[in-house]
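Let me begin by presenting the structure, written as structure tokens, before commenting on it.
The values are calculated or read from the model by the stated rules, or taken from the named source; none is laboratory data. Just so it is clear, the structure is predicted and the values come from calculations on it, not from any experiment. Because the Cβ atoms are built from the backbone with ideal geometry, glycine has one as well, and the counts that use them run over all protein chains shown. We work out accessible area using only protein heavy atoms, side chains counted, and drop any ligands, DNA or RNA first. Shrake-Rupley method; radii C 1.70, N 1.55, O 1.52, S 1.80 Å.
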Amino acid sequence: MVKVKAAVLESVSKISLKEVENPSADPGGLVVEVRACGVCSTDVKMWKKGQRDLRCPRILGHEVAGVVVESRSNAYSVGDRVQIFPGVSCGSCHKCRTGRDNLCDKIKIIGFSYDGGFAELMKVPPELVRINGINKIPNGLSYEKATLTEPLACCLNCADKLRISSDDTVLILGAGIMGILNVVLAKLRGAHVIVAEILKDRMRFAMKAGADRVIDSNHENLKDAVLDETRGRGVDAIIPAFGEAISAYPVFDLLSKGGRLCLFSGIPKPESIKLVDFNLLHYEEKMLVGSYGCTSTQNRRAIDLLTKDLKLDWLPVRTIGLDEIEEGLRSTDAKAQLRIVVKS
Ligand SMILES: [Zn+2]
Ligand SMILES: [Zn+2]
């Protein structure tokens with residue numbers, strides 16, 4: 001039996017490079033040779049602490065781009081370059097039928113409940129092919145850049161929920177990769193963008209991404225800086241792009257009347273259980289919304305944006321081999337790099 005290499009999470013905090021069985025396609029499914037797979041902070045979280053939907057042993061990696069090497073589906077051929085949407089939804093429940101497949105009750109996720117892309121070869125389940133989760137990568141878009149599709153789509157979900165437009169001043173808390181992608185999307189919609197960050201190199205990337213003002217929250221008082229930048233008005237929308245942002249900053253105080261706050265990333269407990277002064281929603285029409293992952297439609301829109309509008313050539317990407325996965329997870333956790341992509 002031919003074996004292939006994969007980085008397997010055997011139990012929480014134990015990931016190792018292993019030889020696994022060569023996958024073969026189920027009827028209607030595919031096998032993809034992985035050309036690039038992004039390392040995400042969710043992978044770090046699963047490696048360090050586990051996750052509600054994670055079952056070990058598991059091959060992690062849900063930001064996958066590769067080439068089809070076996071097809072048992074009429075829609076795809078060997079040699080097709082594809083990006084894989086990680087949400088395997090049922091396709092028939094109320095949420096799926098109304099375009100909110102990210103909220104499907106029966107959803108399973110590649111890299112959580114199916115083996116993912118930290119491997120030489122990846123099996124694509126027929127259910128994912130059936131719901132149009134496999135997107136052909138247009139010419140001119142590299143595998144490496146195509147791995148940004150899913151993270152960008154998650155930011156699109158947030159921008160859609162906030163209805164960001166050119167009338168808005170948007171505050172983005174944190175300039176990790178998700179913060180940066182939120183900046184470029186808000187700029188694309190013509191918004192005025194403020195970013196708050198503590199790491200010097202990330203402040204620089206926020207400027208490159210097009211931020212109009214970057215607040216060094218080590219040295220500047222965030223509320224004073226926001227009021228200064230908005231002539232005392234406050235911002236129209238806030239995107240907390242790291243889990244602790246909500247407890248670190250007085251977010252509701254930074255919003256102008258009618259301002260919107262989108263809970264974009266998970267909040268560690270017990271901070272997640274907080275009292276909100278709901279009168280702020282009534283008297284000042286402040287709005288509180290959430291976004292979780294992305295829909296398959298947003299994923300398709302993101303691939304289109306990466307091909308046409310967002311070249312992101314300045315974005316620093318470090319590529320590593322499968323055998324360096326543990327170091328890659330550690331560096332991502334330590335915020336040593338903005339973006340790491342595994343190439344097998
Ligand atoms: Zn991710
Ligand atoms: Zn469903």
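Does Gly116 satisfy the condition of being within 18 Å of the chain's Cα centre (by Cα), within 16 Å of ligand 1 (Cβ to nearest atom), modelled with pLDDT of 95 or more and in a loop (DSSP other than H, G, I, E, B)? In short, yes.
What residue, among those in segment 9-57 that are β-branched (Val, Ile, Thr) and within 16 Å of ligand 1 (Cβ to nearest atom), is surrounded by the fewest Cβ atoms within 10 Å (Cβ to Cβ)?
Among those that are β-branched (Val, Ile, Thr) and within 16 Å of ligand 1 (Cβ to nearest atom), it is Val44.
Residue check: Glu63 meets all listed conditions (1) among the acidic types (Asp, Glu); (2) within 16 Å of ligand 1 (Cβ to nearest atom); (3) over 21 Å from Ser296 (Cβ atoms) but one, namely (3).
Please pick out the residue among Leu30, Leu54 that is among the hydrophobic types (A, V, I, L, M, F, W, C) and within 11 Å of Val124 (Cβ to Cβ).
Leu30
Of everything in segment 85-103 that's within 16 Å of ligand 1 (Cβ to nearest atom) and part of a loop (DSSP other than H, G, I, E, B), which residue is nearest to Ile303 (Cα to Cα)? So the residue we want is Phe85. Name the single residue, out of those in segment 210-247 being of a type in the set (Gly, Ala, Ser) and under 20 Å from Cys158 (Cα atoms), that is farthest from the chain's Cα centre (by Cα). The qualifying residue farthest from the chain's Cα centre (by Cα) is Gly234.
Checking the structure you have, find out if any residue of segment 85-102 is farther than 26 Å from Ile239 by Cβ and away from ligand 2 (no atom under 16 Å from the Cβ). Scanning segment 85-102 turns up no residue that is farther than 26 Å from Ile239 by Cβ and away from ligand 2 (no atom under 16 Å from the Cβ). Selection within segment 130-148: residues that are polar (S, T, N, Q) and open to solvent by less than 50 Å² (accessible area, probe 1.4 Å). The member of this set that is nearest to Ser77 (Cα to Cα) is Asn135. Taking the criterion of being open to solvent by 30 Å² or more (accessible area, probe 1.4 Å) and near ligand 2 (Cβ under 10 Å from one of its atoms), the residues of segment 103-114 that qualify are Leu103, Asp105, Lys106, Ile107.
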